[in-house]
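The values are calculated or read from the model by the stated rules, or taken from the named source; none is laboratory data. The structure presented is a predicted model; accordingly, all values stated were derived computationally and were not measured. Virtual Cβ from ideal backbone geometry, glycine too; neighbours counted across all protein chains shown.
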Amino acid sequence: MFREFQFANPEYFYILLVIPVMIAWYWFKNNRSKAEIKISTSLPFAAVKRSYKQYLYHLLFLLRILAIALLAVALARPQSTSSSQDVSIEGIDIVLALDISGSMLAEDFTPNRIEAAKELAIEFISGRPGDRIGLVVFAGEAFTQVPLTTDHRVLSEMFKKIKTGMIEDGTAIGDGLATAVARLVESSAVSKVIILLTDGVNNMGVVDPLSAAEIAKLKKIRVYSVGIGSMGTAPYPMQTPFGIRYQNVPVEIDEDLLRNISADTDGKYFRATSNSKLKEIYEEIDKLEKSKIDVTEFYKKHEEFLRFALIALAIFVLEMILKYTFFRTTP
């Protein structure tokens, strides 16, 4: 355990600027208030000893300066931060690779697949404040939407902006996985993870999904694959001259491919058939990764201004007592 010291309102230290002004005024006032007498020699006074009051002549002023300085420190709100950490680790790097093809608009999830995936991904992100997380999106091609970052607020905002139609339609699973792997290749994290979410079959792109999985395996990157879609058919909104009409379309997910990708990389395959099932999958992945690294830490702030304020008050009271007793002058 160790403590760090900081000030919550350091702007109050500007009060200390009054001290040099007070010193200058004190020096000027004392020089002008001294009585003078001209004598031919000071020898008669050589044997006269200085009294203790003369030695302590400037004590009251020094006490006043000290009280003001301590008051400034108290107003600046000094705080000590105690912290404890059992294990020091580099953390976990996670990249979410999300399919944003047109089929993700199917409404077998509420309100549809892509919105459900986004909402639950944001919830997942909020539960992992210590990890770097990135976002890759893919359809007919793939690109990095957000590189690895600990700024989860920005990441969540970027998740909300994702929509189908951002890029050419299609399902390039290999390109999406390869792009996610590229974001993690240079990572020095203890654990490197890709969460691959798709609702289709690889039908576009230039990278073979199993080749991308082989690279992930070599780089010790685990891939958790999630197939999104209900069993059988799903209602899909179709644009017609008469407005939006729904048509039941077959749900086609290449589960064998996703299983092989996860198996090759020491990951796991999941099938999400509803919002609740997808939520359970995120929770399970969260537990699987948290079980690999155990970190206990805490931070607590302690206000320290009271002691400075009390000392300043005590010094001020002492100054008043000395002024009207020990250093009292005859009117």
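The table that follows gives values for the structure above.
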item: Filter pass, Gly165 being under 26 Å from Ser274 (Cβ atoms), surrounded by fewer than 13 Cβ atoms within 10 Å (Cβ to Cβ), out of contact with any Cys (no Cβ under 9 Å at 6 or more places or on another chain) and not hydrophobic (A, V, I, L, M, F, W, C); result: yes
item: Single match in Leu155, Leu197, Leu148 (criterion: assigned by TED's automatic domain parsing to the domain that holds Glu280, assigned to a strand (DSSP E or B) and under 29 Å from Pro111 (Cβ atoms)); result: Leu197
item: Number of the condition not met by Ile253 [criteria: (1) outside any loop (DSSP other than H, G, I, E, B); (2) closer than 28 Å to Asn112 by Cα]; result: (1)
item: All positions within the stretch 201-256 that are in contact with a helix residue (DSSP H, G or I) (Cβ under 6 Å, 6 or more places away or on another chain) and either aromatic (Phe, Trp, Tyr) or more than 22 Å from Gly170 (Cβ to Cβ) (or both); result: Lys217, Ile221, Tyr224
item: Of all residues in the stretch 170-194 being part of a helix (DSSP H, G or I) and of a type outside the set (A, V, I, L, M), the one that is farthest from the chain's Cα centre (by Cα); result: Gly174
item: Where a residue in the stretch 260-285 is farther than 22 Å from Lys219 by Cα and its partner, wherever it lies, is of a type in the set (S, T, N, Q), with Cβ under 9 Å and at least six apart; result: Phe270/Ser225; Phe270/Ser262; Thr273/Ser230; Ser274/Thr110; Ser274/Ser230; Asn275/Thr110
item: From the options Gly140, Gly134, residue that is at pLDDT 95 or above, over 23 Å from Asp254 (Cβ atoms) and either outside the structural domain of Glu283 (by TED's automatic domain parsing) or small (Gly, Ala, Ser) (or both); result: Gly134
item: Matching entry among Ile261, Ile228 (being under 20 Å from Ala106 (Cβ atoms) and modelled with pLDDT of 90 or more); result: Ile228
item: Residues located in the stretch 256-293, provided they are of a type outside the set (Asp, Glu) and in a loop (DSSP other than H, G, I, E, B); result: Thr265, Gly267, Thr273, Ser274, Ser291, Lys292, Ile293
item: Residue check, Gly205 in contact with a Phe, Trp or Tyr (Cβ under 9 Å, 6 or more places away or on another chain), on the phi > 0 side of the Ramachandran plot, of a type outside the set (Lys, Arg) and surrounded by 17 or more Cβ atoms within 10 Å (Cβ to Cβ); result: yes
